[in-house]
1. If I filter the stretch 185-215 down to residues being farther than 25 Å from residue 13 by Cα, surrounded by fewer than 24 Cβ atoms within 10 Å (Cβ to Cβ) and not polar (S, T, N, Q), which single residue comes out as nearest to the ligand (Cβ to nearest atom)?
2. Within the group 132, 80, 93, 112, which residue is more than 23 Å from residue 219 (Cβ to Cβ) and either open to solvent by less than 10 Å² (accessible area, probe 1.4 Å) or among the hydrophobic types (A, V, I, L, M, F, W, C) (or both)?
3. Within the stretch 247-264, count every residue that is open to solvent by 20 Å² or more (accessible area, probe 1.4 Å) and hydrophobic (A, V, I, L, M, F, W, C).
4. Residues that are touching a residue at least 60 places away in the same chain (Cβ under 8 Å): list the helices (runs of 4 or more DSSP H) wholly contained in the stretch 261-374 that include at least 3 such residues.
5. Which residue pairs have Cβ atoms under 9 Å apart, sit 6 or more places apart or on different chains, and have a first residue in the stretch 12-25 that is at positive phi and open to solvent by 20 Å² or more (accessible area, probe 1.4 Å) and a second that is within 16 Å of the ligand (Cβ to nearest atom) and in a helix (DSSP H, G or I)?
6. Tell me, please, whether a residue that is open to solvent by 50 Å² or more (accessible area, probe 1.4 Å) and among the acidic types (Asp, Glu) can be found in the stretch 146-165.
7. Can you pull out the residues in the stretch 341-354 that are open to solvent by less than 20 Å² (accessible area, probe 1.4 Å) and either under 15 Å from the mean Cα position of the chain (by Cα) or over 18 Å from residue 320 (Cβ atoms) (or both)?
8. Just for strands (runs of 3 or more DSSP E) wholly inside the stretch 74-182: which have at least 2 residues that are modelled with pLDDT of 95 or more, closer than 30 Å to residue 16 by Cα and more than 16 Å from the ligand (Cβ to nearest atom)?
Amino acid sequence: MNPIGELNPTQRILMGPGPSDVHPRVLRAMSAPCIGHLDPEFIGIMNEVQQLLRYVFQTSNKLTIPISATGSAGMEACMVNVLEPGDHVVIGVNGVFGMRMSDIAERCGCDVTKIEVEWGRIIEPEQVQEAVNAKATKLVGVVHAETSTGAHQPLGDISKIARDAGALFMVDTVTSLCGAEVRVDDWDIDLVYSGTQKCMSCPPGLSPISFSDRALETLRGRKSKVQSWYLDMTMVEKYWTDGDRAYHHTAPINMNYAIREALRIVHEEGLESRWARHQKNHEALAAGLSAIGIELSAQEGHRLPMLNAVKIPDGVDDAKVRGALLSEFNIEIGGGLGAGKGKVWRIGLMGESSCSHHVLHLLTALETLLAAEGVSLTKGAGVAAASEIYS
Ligand SMILES: *Cc1c(COP(=O)(O)O)cnc(C)c1O
C-alpha cells in the first residue's frame, strides 16, 4: 500500500440537514486528553453533561443521558425499551423519520398504525384521536421537526390525546432541540431523543435521550427482556446514574467533552435567545428566497426555522447547482430525500450555521448560479430582501 496523505478536510459552510458548523471551542474540547471511562474526573463530566441536557430538554427527568451513537440510536433506544411484541403503537408518518420510527416499531413486533399524510404537511390531532380510539395504544410517536420535509409539528393537542388514552408520548427532537422551543416536562413528553449534529452544533456521535417516570415504570414492568443489549436502559442507566457506575460499554470520552462544550455554549446564549436567532435567520432567508422566486415547500404556518425545504425552480439541474455551491462557494446544502428527491433542496440554518453572513452568502451564490441556469431573477433582490429583515 502507498502511504496515505495527512488528513486535511476543507472548512465548509454547512447549510444542509446536518451536520452543522461546529464551534472551534467544541473542536478544541475534543482534542483534550482522553481519560478513562471510570476515572472520577470523567464521572464528574458525565454528571455535568446530564445537568446541561436537563436544561436543553427543559426536564427534571432523572434518566436524561446521551446514548453513545447517533440520533437513530436514540430513536431505537426510546422504542425498544418500552415496546413489546403485540403492542399497538400509533406513528405519524409525514416524512423519512416517521417512516424510520414505524420501521423500528415493526421490528419490535408491534401492531403499527401509521398516520400517513402528504410529505410537508403536519399530522392533525383528529387523526391521532381516531387511531387511539380504534385500539388500546401503548405509544404515540411523532417527529417534531421533520428534516426531510421542513414541517414543524405542533405537539400540545397530540400530547393530551396520548395522555388521555393512557399511551406513552414519544417525540423526535433531533432537529428541533436547541433551535426551536422544546419543553419536555410542560408538554408531557414521555420519551424524547435528539442528536448532536443539528442545532447543538457538535459533531455527530451522541444521541441525548430523556425518559419520564411513566416511561421508566413501563420499562420496569416489562414481561420480556429488551431486544437490544446495547440500548437496554436497565443496564445503561446503571453506568450513567447509579452510585457505583458499573461498566456497560466504554463511553466515547472525547465526544462527551464535545457535547459538554456545545451545551455550555447553548447555555451561555440562553435557549430563548437561541430560538429567536433561528427564527430571525429563517425569516431573512425566506424573504431573500422569495425575492428571487424560490418558494418554501412545507405547509404554510408550520415551517421549521432551522430546515428550509424549497422547491427547485423548473428547468434547474439539481445536482449541478448543488455541486457548484460546494465547489465554487464552499456551501453544502441538502438534496431531497425519498419523495422529495430531485424536487426540493433542504437548506439548514442550524446552530452555529444559523447566522446572517451564511444567509447572505448563500443568497448571493444562488442568485449567481440560478441566473446562469436561465432562471429569470433580479440580481441583488434576494440579498436586499434578507437585509431588510436584519435592519
Ligand atoms: C438526522 C435525524 C435523525 C437521525 O439521526 P442520525 O444522527 O442521522 O442517526 C432522526 N430524526 C430526525 C428528525 C433527523 O433529522
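The values are calculated or read from the model by the stated rules, or taken from the named source; none is laboratory data. If you're wondering where the values come from, they're calculated on a predicted model, not measured in any experiment. Quick reminder, even Gly has a Cβ in these numbers, built from the backbone with ideal geometry, and neighbours come from all protein chains shown. Each accessible area value is taken on the protein alone, full model and side chains, heavy atoms only, with ligands, DNA and RNA left out. Shrake-Rupley method; radii C 1.70, N 1.55, O 1.52, S 1.80 Å.
1. Residue satisfying both the conditions and the ranking: 187.
2. 93
3. 1
4. Result: 271-291, 356-372.
5. Close Cβ pairs (under 9 Å, with a partner that is within 16 Å of the ligand (Cβ to nearest atom) and in a helix (DSSP H, G or I)) amount to 18/71.
6. So far as the stretch 146-165 goes, yes, one or more of its residues are open to solvent by 50 Å² or more (accessible area, probe 1.4 Å) and among the acidic types (Asp, Glu).
7. Across the stretch 341-354, the qualifying residues are 346, 347, 348, 349, 350, 351, 353, 354.
8. Working: elements: 88-93, 111-116, 139-143, 168-172.
Answer list for the stretch 74-182: 111-116.
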